[in-house]
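Worksheet: one structure, shown below.
The values are calculated or read from the model by the stated rules, or taken from the named source; none is laboratory data. Every value quoted in this text rests on a predicted model; they were computed, and no experiment measured them. Neighbour counts run over all protein chains shown; Cβ positions are idealised from the backbone, glycine included.
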């Protein structure tokens, strides 16, 4: 048996819902050890620090600690760029929740700083780590469906986020469909060169007042002619709808929704099974855990595929293009 | 193109529900032509004769008509044996609804008369003609599951028949499970040598008062050790439950229930699909049609597999044994 | 019981594959009686006429026969307009296979002639008569999914048609996706006002040489903001892929593919079921039969919903717009 | 927040496959702390002790340690009774893998010792802790299917165990079907009063030479007339087949097999999905974890339902009766 790897010292920036998920996974992993928790709410920071045996620190103090090898950025989107740059300058490896930023230029600048300091930056596109989607990609790569020709991604949230979140989210394309753009790039195996996006407000008129949409479809095309359809809704009565269908010259591989149990009922009204898992915390619980584990393993030198800063930037650029396509009513080139 | 076969002249004995089904299929087939309809209710006979362009006749007159090549016996069970014998003596080919009779001796005597006069006798075990079960048998025969080891037959009616029917039905084993015994023999590929049957009254206490049961399980064993489980209920809330599962050394092939459409719903209560088709007329509509077509084709000399009198007798013997096993609480030998 | 309706005298124009389907259904129906069959191939006409007990006639003679109440136009697309007009002038009710014509102006002129002579014209959009899709529409209309918001139509043929057919088909949008445009109009409950279509040649380079595409996606939008996605491929390894998913405020209703049996296998490679039914003749066998039956019932005065000339024209206009969108790379208005 | 509970000190007896599973779950739980590991193989004990931060001890030393509050018995079946009694005398709470013993009298004597010393004894019937089966039981208890009438349990192992295991296993009924007997008792809600078991050797003739069977069916009946069917095979090509179907007056609830992903394929051979999870370690991974967690929670005073010594004894008695029924060919009373 080889000597055990010392756990990587960690600072967690952001103690909200997603920060607690990452911290919980990091705490349970033998590969990481949370040393610092920072949050603008000291109560939130203290709760999380207590639960993880860490201490509450300022970002500056955390970054100044030599024992910290990596940071987990799970704070609000508008703080991502600044924290990435500060962490890069401090020489820390970075795991950052998506998106890099809502502004492409800002994101590019952050990536330049990361590049300059030569630190690792991994983006939190959780779906890439879902075991089912990983197997789906493997099937496509291994030729189970021949040449991939059409990709269909269905992604529907159970309910719209609060109005104040909508207001600072950057809009459906940058906040929600950005995940699907990343999945499309990951699965298509080549870059999309054009996008057309069409959107409506059908769920909640308040979303229209905020300048956003809640129902959207997009079609992407790659240079070789592959087509990808994405369907988004901010509201779904039967749970969190997360399906992918890859169609190719030799067949189709698709992924249905996960449910809490394997039960089926039959009665005078018909056959029944459960709703889909309620939302991303349940649907992607394994993915969140595996994502951080892979990040840690990458830091100790294993050859692990992780979405990086360029992936984050590219998804953001596509989201920007989708927004422009929706506004102009015309296709937008991605090259 | 070969010269067209003249249709077979037919007499239909019994103008009730099942008689109308067979007459409708015979009338629609170019291979048969209904000439006579007989029923103890002249109104029923007239209605059916009108619908088929036939005339109402007595059994005697129908059997005396030289144009009649075959009879369809769909009258009440207690008249089957007499009609089989009379038809055999008249030299007519016979299609008879199951069962031959409720009494094994009577059935044997009828078969002796049939044998003596050398006429064709086919039994109305409709399930043998269901396209899905036919394919299932073909899979088993073709080795898709290796050696068949265990057979599981689930058969549940939507609701109990009327009390007066129960009273003269011969009981669940002879009236209902007899179909499953025939399926077991057909699919196992060898004769069962022992049966154990266990039964209860859980659906309707009136059935107990009539000396019958409404819920039953049986296990059959063949000489080579194959096992077969049968599950029956006289009541099923989600439609007519008709499933078969064949398990073998190399795999399993099973047949689920048929539904009216391919729709699936999803809403806040979960995913839903329709109930199973309501009862045998819907579930086995194709089987009833194909059954008669095969009977006609057999009569014109084609090599067609049809259940015959021995199949009818053997199923009845197993049903008798099941009844005795239920009453005695002990297994009953079938050899 | 009311007096039986005398069957409607019919002339069938076109004795090819689809003509034989319609003639077979008409022949089997008590509501229609085929009197004349016309085809440019006298051999084909004779075969079909023989099978139906009709006689081979010229179109002119058939239309001059006073006993002919209705015509079934199943000849090649370029003859539809002329036959519609001639039949209308002869005062015959018309059932015409889709499309009316490949040219919108020609189609409009034909409809004007139909209108002028006040005859019934029904279009052969077979899918509207599929029992599963009918139930799906009923569910949507009855509010089973709340307000319909997104419609997803997947339609993939098993294999491309022969090159000579492609050449005169009018292209994928007018020949294949036109069915989906009709389904979209029928199910959306309001007219689409804009379409964007994106297409590729991924299946067969020969199709590109013929100026056509074989892989296409389209997105339609209605005035109220409903979105509809259509996915087409000219080749599908697992059968004829015909699925519809309707998503709304209260849920989703979707229709999977039909298979020949209800069997499922399990072995060391996993669980298996059959491919989808091979192509439209199998998948829509019931629809073809019901379609003609409804046409006949409409002619005898029943209130039956049938797609008419305007439906045919509208689908063609959308197909034209899709073709222009594909060529220009821009959305095309449909109003 | 209440003060944290100090973890329960544990001794693990048995460091084989199942011992490592339990030790792994205990080690990962904040509620337990493994202090001692004992095994007849000192190498196995050392490996496991190292992995858990525990020390290798003799049973005597472990039981003499006052810090030990509970023992986990996962050694070979023939040592269970002795370890239960020794642990009870030492006043330790006991979690014991099934079965208590292969001999009913020995098991009864052990339970008497447990009773005398007033210690907690929980039996390792892992399936009772499977989330899907728990939900199924809840549905039955809550009346989702009305009155339960028929229970069908299908349980098939992927491959027979090694011959030497078979030889000392007590036979299929005591080793394998005992799990199903426990599930039957748990789900039926009342005791079975009679059993009939039928068995064959169809998988491996070597098993016959060892005096055992590999293919078996049993039917149990309760006092109120509920029927339960159990189907077992020692070999299953498509994974570990673990299904339960509960049928009642108002409907049916059933549980299918779990698979590693949610993927579905379609190609020219049909539609496909994965095999069932390979064996109990994968299928019941959650159940093993939850089982131990519930044991710990019970020890700290929570009201948790756990199978106890009487459950273990009762399942063994039914297994004995099944063996006798198989040998005698007659039903065996369970009262």
Quiz item: Take the residues of segment A:268-289 that are more than 30 Å from the chain's Cα centre (by Cα) and either surrounded by fewer than 20 Cβ atoms within 10 Å (Cβ to Cβ) or in contact (Cβ under 8 Å) with a residue 12 or more places away in the chain (or both): which is farthest from the other protein chains (Cβ to nearest Cβ)?
Solution: A:269
Quiz item: Regarding residue A:251, is this residue under 20 Å from residue A:139 (Cα atoms), within 12 Å of chain C (Cβ to nearest Cβ) and modelled with pLDDT under 95?
Solution: no
Practice problem: Among what's in segment C:290-302 and is out of contact with any helix residue (DSSP H, G or I) (no Cβ under 9 Å at 6 or more places or on another chain) and surrounded by fewer than 15 Cβ atoms within 10 Å (Cβ to Cβ), pick the residue that is farthest from the other protein chains (Cβ to nearest Cβ). | Solution: C:301
Practice problem: Examine segment B:127-146 for a residue that is in a strand (DSSP E or B), buried (at least 21 other Cβ atoms within 10 Å of the Cβ) and not assigned by TED's automatic domain parsing to the domain that holds residue B:318, and state whether such a residue exists. | Solution: no
Self-check item: segment D:216-234, residues that are over 19 Å from residue D:249 (Cβ atoms) and facing chain B (nearest Cβ under 7 Å)
Solution: D:217, D:219, D:231, D:233
Quiz item: What is the one condition in (1) more than 23 Å from residue D:320 (Cβ to Cβ); (2) out of contact with any strand residue (DSSP E or B) (no Cβ under 9 Å at 6 or more places or on another chain) that residue D:125 does not satisfy?
Solution: (1)
Quiz prompt | Filtered residues of segment D:64-95 (kept if closer than 15 Å to residue D:125 by Cβ and touching a helix residue (DSSP H, G or I) at 6+ places or on another chain (Cβ under 6 Å)) | solution = D:72, D:73, D:74, D:94, D:95
Self-check item: Subset of segment C:308-326 that is more than 11 Å from chain A (Cβ to nearest Cβ) and out of contact with any helix residue (DSSP H, G or I) (no Cβ under 8 Å at 6 or more places or on another chain) - its residue that is surrounded by the fewest Cβ atoms within 10 Å (Cβ to Cβ)
Solution: C:324
Self-check item: Exclusive hit being closer than 24 Å to residue D:238 by Cβ, at pLDDT 95 or above, surrounded by fewer than 22 Cβ atoms within 10 Å (Cβ to Cβ) and more than 11 Å from every other protein chain (Cβ to nearest Cβ), set D:200, D:169, D:155
Solution: D:155
Quiz item: So residue A:329 fits all but one of (1) without any contact (Cβ under 8 Å) to a residue 24 or more places away in the chain; (2) within 22 Å of the chain's Cα centre (by Cα); (3) within 11 Å of chain C (Cβ to nearest Cβ); what number is the exception?
Solution: (2)
Exercise. Mind listing just one residue for me: the one in segment B:99-152 that is free of Cβ contacts under 8 Å to residues at least 12 places away in the same chain and within 14 Å of another protein chain (Cβ to nearest Cβ) and, of those, farthest from residue B:167 (Cα to Cα)?
Key: B:142
Quiz item: Has segment A:172-192 got any residue that is within 10 Å of another protein chain (Cβ to nearest Cβ) and under 29 Å from residue A:137 (Cβ atoms)?
Solution: no
Quiz item: Restricting the first residue to segment C:51-69 and requiring it to be in contact (Cβ under 8 Å) with a residue 12 or more places away in the chain, which pairs with a second residue that is surrounded by 12 or more Cβ atoms within 10 Å (Cβ to Cβ) and in a loop (DSSP other than H, G, I, E, B) meet a Cβ separation below 7 Å and a spacing of at least six or different chains?
Solution: C:63/C:90; C:63/C:92; C:68/C:92; C:69/C:92
Practice problem: Can you run down the residue pairs with Cβ atoms below 6 Å, 6 or more apart or on separate chains, where the first is in segment A:296-319 and under 24 Å from residue A:171 (Cβ atoms) and the partner is part of a loop (DSSP other than H, G, I, E, B)? | Solution: A:307/A:125; A:312/A:100; A:316/A:99
Quiz prompt | strands (runs of 3 or more DSSP E) contained entirely in segment B:14-120, each with at least 3 residues that are over 21 Å from the mean Cα position of the chain (by Cα) | solution = B:32-38
Exercise. Could you check, for segment B:254-262, whether at least one of its residues is facing another protein chain (nearest Cβ under 7 Å), under 14 Å from residue B:151 (Cα atoms) and modelled with pLDDT of 95 or more?
Key: yes
Quiz item: Based on what the data block shows, is residue C:260 closer than 22 Å to residue A:250 by Cα and either assigned by TED's automatic domain parsing to the domain that holds residue C:144 or crowded, with 19+ Cβ neighbours inside 10 Å (or both)?
Solution: yes
